[in-house]
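Every number here is computed from the coordinates shown, using simple stated rules; none is lab data. Predicted model, so just to flag it, every value in this text is computed and none were measured. Positions of Cβ are generated from backbone atoms using ideal geometry, with glycine treated the same way; all protein chains shown enter the neighbour counts.
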Amino acid sequence: MNKSETDLNPQPLTWKDYLVVSSLLFGLFFGAGNLIFPLHLGQLAGAHWLTAMIGFLVTAVLLPLLSVLAVSITRSQGVYDIGRPLGPAFALVFMVLIHATIGPLFGTPRTATVSFTVGLAPLLPANWAHGGLLVFSAIFFLVAFIISYQESSILSSVGKVLNPLFLLLLMVVFFLAILNPMGATANQSVTAAYQHNAFFNGFLQGYNTMDALAGLAFGVTIVTAVKQMGKTTPKSNAKVTAKAGILATALIGLIYVVLIWIGATTLAKFKLSPDGGIAFNQLVNYYLGRAGQVLLAVLITVTCLTTAVGLVAAFAQDFHKHFPKVSYHVWLVFTCIASFLTANFGLDTIIAWSTPLLMLLYPFAMVLILLSIFSPFFQRDPQVYVWTVALTAVAAVLDMIAAFPPVISQTAWAKAVGTWQQQFLPFASLGMDWIVPAALGAVIGLTLHFVSQAHLKNAKTKYAHSNN
């Protein structure tokens with residue numbers, strides 16, 4: 001057997017090894033958005049929380065796990081390699097858009113706005129909100145910059161202590177909420193969007209966690225960690241990643257289930273909040289009071305800061321790799337300043353403007369993840385990718401236009417495009433109109449692949465016979 005087909009470590013990994021990889025996966029995926037969006041989903045879905053939760057778990061738990069497996073199976077070194085079958089230009093644009101989305105445009109600024117909105121803002125007078133966010137985010141990203149610049153491990157070491165404390169605080173709130181629920185979920189009101197389409201709206205809400213995009217961007221970290229344990233072949237690497245991923249995502253999924261349920265129960269005591277940050281603050285104050293709020297402020301700030309350091313460093317490293325004329329430190333300055341500026345638009349604005357880009361990127365991400373996982377069956381043939389992604393792009397662009405805030409989506413041209421979309425694309429009203437074009441593209445691409453393979457096989461046979 002070829003050495004490349006055997007693992008450096010042929011022995012089965014221990015449970016401790018699996019827990020190490022699982023904790024790495026948990027740290028990769030669990031951040032600021034993972035707290036606020038499921039809680040808000042519960043408030044939006046009310047009595048229909050269970051159906052909405054199932055949809056949410058597909059995009060917020062299953063899809064991120066599949067994204068890491070896609071990186072492992074294709075032996076990718078990052079998100080660029082996932083898009084490489086479509087050519088270097090597409091791969092580069094896709095990489096830039098993914099990193100911009102989970103980085104300075106939306107994901108990284110959210111670490112500051114969530115920690116301020118959930119942790120610090122409730123302790124300040126209402127008229128200090130804007131000035132407080134300005135000062136807090138400036139200090140927040142200055143600290144993130146300093147730690148990332150020196151590539152220090154201080155914060156990650158502190159995070160190993162304080163992040164578990166944050167989870168412990170969360171578990172205490174969960175225990176109190178289960179022991180003494182605010183109300184019965186069956187009696188809570190359901191917003192209009194969740195009256196009949198709770199599953200699909202929950203599915204779309206899962207986009208906001210951005211974890212599938214994060215899995216594509218940072219999945220190589222997990223794959224590398226598994227390789228360092230001696231599982232070097234793609235098959236065994238994917239197997240270990242899957243087992244560890246199931247452990248990590250099962251814990252995240254359990255947290256989501258409880259958060260969504262609690263979100264639905266809060267409607268018995270509080271009005272529907274504009275975002276999950278306010279709802280989370282109300283929840284902690286209800287069960288733990290002022291002391292709990294102070295503890296929450298400290299723990300969530302450190303947790304979010306740990307995430308921010310990882311995001312700004314990853315952004316700078318990946319952009320320096322693909323644009324080497326600009327140094328790592330210059331890219332670091334850029335992403336920290338850009339994240340600071342974006343953060344000061346506030347959490348609601350960030351969410352409103354991130355939604356259109358997520359509606360564009362997630363269909364691409366989903367089809368590329370699935371194509372990557374099944375790529376061994378069609379030898380990663382580019383024509384399968386091209387047809388599938390090209391037809392997906394049409395619906396994804398239309399969904400992006402429809403998801404823009406009213407300043408764009410309510411213009412005459414956007415309304416005209418939306419009318420055409422609703423008339424001719426199935427599932428457009430659910431925001432899922434990319435499914436049929438993607439499936440059609442996959443069928444066309446696979447048909448062309450297998451037909452060309454058959455022709456090639458026949459040609460080889462004829463050539464062999466002619467030489468006999």
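Taking the chain, how much of its Cα-Cα pair set, in percent, is spaced more than 34 angstrom apart? The share of Cα pairs beyond 34 Å in the chain comes to 36 percent.
Going from the residue with the fewest nearby Cβ atoms within 10 Å to the one with the most, Thr307, Thr108 rank Thr307, Thr108. Taking N as the residue count of the stretch 378-468, its C-alpha radius of gyration divided by 2.2 N^0.38 Å amounts to 1.65.
Of the Cα atoms belonging to the stretch 54-147, the radius of gyration and Dmax stand at 18.3, 54 Å. On the basis of the beta-carbon distance and an R0 of 30 Å, His196 and Ala352 show a calculated FRET efficiency of 0.80. How are the Cα pair distances of the stretch 1-101 distributed, in percent, across 5 Å bins from 0? In whole percents, the pair-distance histogram is 2, 9, 12, 16, 17, 15, 13, 10, 4, 2, 1, 0. Within straight-line reach of Lys227, meaning a Cα separation under 27 Å, sit the following lysines at least 8 residues removed in sequence or on another chain: Lys3, Lys16, Lys160, Lys235, Lys239, Lys243, Lys321. Computed over the chain, the per-residue total of -39500 (n - 2.57) for DSSP H runs of n ≥ 4 gives a 222 nm mean residue ellipticity of -24500 deg cm²/dmol, rounded to 500. Seen from all directions on average, the stretch 18-70 presents a Cα convex hull projection of 4.1 nm². Across the stretch 102-145, the residues whose backbone nitrogen lies under 12 Å from the label position 7 Å along the beta-carbon direction of Phe345 are 104-107, 109-110.
Tell me, what is the percent relative contact order of the chain, built from C-alpha pairs under 8 Å that lie six or more residues apart? It comes to 29 percent, rounded to a whole number. Label sites at Ile54 and Val397, each approximated as a point 7 angstrom past Cα along Cα to Cβ, lie 3.5 nm apart.
Spin-label pair Ser429-Gln150: with each label point 7 Å from Cα along the Cα-Cβ axis, the two points sit 5.9 nm from one another. Between Val326 and Ile139, residue separation times 0.36 nm minus the direct Cα-Cα distance comes to 64.8 nm.
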